């Protein structure tokens, strides 16, 4: 285990969170007190404190430490949407349109900036390298790849459709087919910046491999990830097609001069060879 408690970045992060929580508490206390004033409460500030504690302060029965489980109501720990007081849910349609357009303008301005142009150039170079390598990969087609949260790839390897997904843990499915299950997915936004959803049928395949990003060969670039996916699928297909481990191993062991522990073609481990 690694202790990050003294790491300066972690310390700064915790300090920002605590500042945000204190400010959120102050803002919501003032908000509640204002509501209680309108209802002629004798001590609006005191009642606001009691109400916030009753709703948002939950402690472990043994240690007394604050519980951060999301099942409890809790105050914001960031200044997103001005601690919730400037959320889009409280804006009229005209204001939502203006805010959404401002967000689009800010995004466009970033990509036109030197930092944005540098990122785009690096991404384009990496994509060009990937496409050049795929062009020389017989039997491989990549239909889409995106990410990073989650990172997803779709395509075909040697006639088998595949789906790769990684969000901390990855999996690879092959031979995709309709699952008769549907998911509510984002289809875009309207002119007011409101998210539009639609129902899409999910495709599902046979999971042939899964794991974490710590596995050898996973890589960090598009090219390395593509190689990892393709190699994993082809190793699986080779092992599925291999028949050596169903036959008499006498000739193989004689050739090797030692008991066979692994299939020399597909790498399947012989159980009796332990």
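The table below gives the values:
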| read-out | value |
| --- | --- |
| Candidate set from region 75-101 (those that are in a helix (DSSP H, G or I) and modelled with pLDDT of 90 or more); member that is surrounded by the fewest Cβ atoms within 10 Å (Cβ to Cβ) | 82 |
| Filter pass, residue 159 being out of contact with any strand residue (DSSP E or B) (no Cβ under 8 Å at 6 or more places or on another chain), under 23 Å from residue 235 (Cβ atoms) and modelled with pLDDT of 90 or more | yes |
| Candidate set from region 147-171 (those that are assigned to a strand (DSSP E or B) and surrounded by fewer than 17 Cβ atoms within 10 Å (Cβ to Cβ)); member that is farthest from the chain's Cα centre (by Cα) | 156 |
| Options 109, 54, 48, 33: the member that is over 30 Å from the mean Cα position of the chain (by Cα), loosely packed, with under 12 Cβ neighbours inside 10 Å and assigned to a helix (DSSP H, G or I) | 54 |
| Identity of the residue in region 172-194, in contact (Cβ under 8 Å) with a residue 40 or more places away in the chain and assigned to a strand (DSSP E or B), that ends up surrounded by the most Cβ atoms within 10 Å (Cβ to Cβ) | 172 |
| Qualifying residue in region 220-238 (condition: surrounded by 11 or more Cβ atoms within 10 Å (Cβ to Cβ) and at pLDDT below 85) | yes |
| Region 61-71: number of residues that are more than 24 Å from the chain's Cα centre (by Cα) and either closer than 22 Å to residue 32 by Cβ or surrounded by 12 or more Cβ atoms within 10 Å (Cβ to Cβ) (or both) | 2 |
| Any hit, region 71-90, residues being more than 26 Å from residue 16 (Cα to Cα), touching a helix residue (DSSP H, G or I) at 6+ places or on another chain (Cβ under 6 Å) and not assigned by TED's automatic domain parsing to the domain that holds residue 191 | no |
| Residue match in region 100-122 (condition: over 30 Å from residue 194 (Cα atoms) and touching a residue at least 12 places away in the same chain (Cβ under 8 Å)) | no |
| Condition check for residue 220: part of a loop (DSSP other than H, G, I, E, B) and either without any contact (Cβ under 8 Å) to a residue 40 or more places away in the chain or in contact with a strand residue (DSSP E or B) (Cβ under 8 Å, 6 or more places away or on another chain) (or both) | yes |
| Checklist (1) farther than 30 Å from residue 190 by Cα; (2) in contact (Cβ under 8 Å) with a residue 24 or more places away in the chain applied to residue 76, failing item | (1) |
| Conditions (1) exposed (fewer than 11 other Cβ atoms within 10 Å of the Cβ); (2) in a loop (DSSP other than H, G, I, E, B); number of the one not met by residue 215 | (1) |
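The values are calculated or read from the model by the stated rules, or taken from the named source; none is laboratory data. A quick note: this is a predicted structure, and the numbers were derived from the prediction, not measured. Cβ: placed from backbone, ideal geometry, glycine included. Neighbour counts: every protein chain shown.
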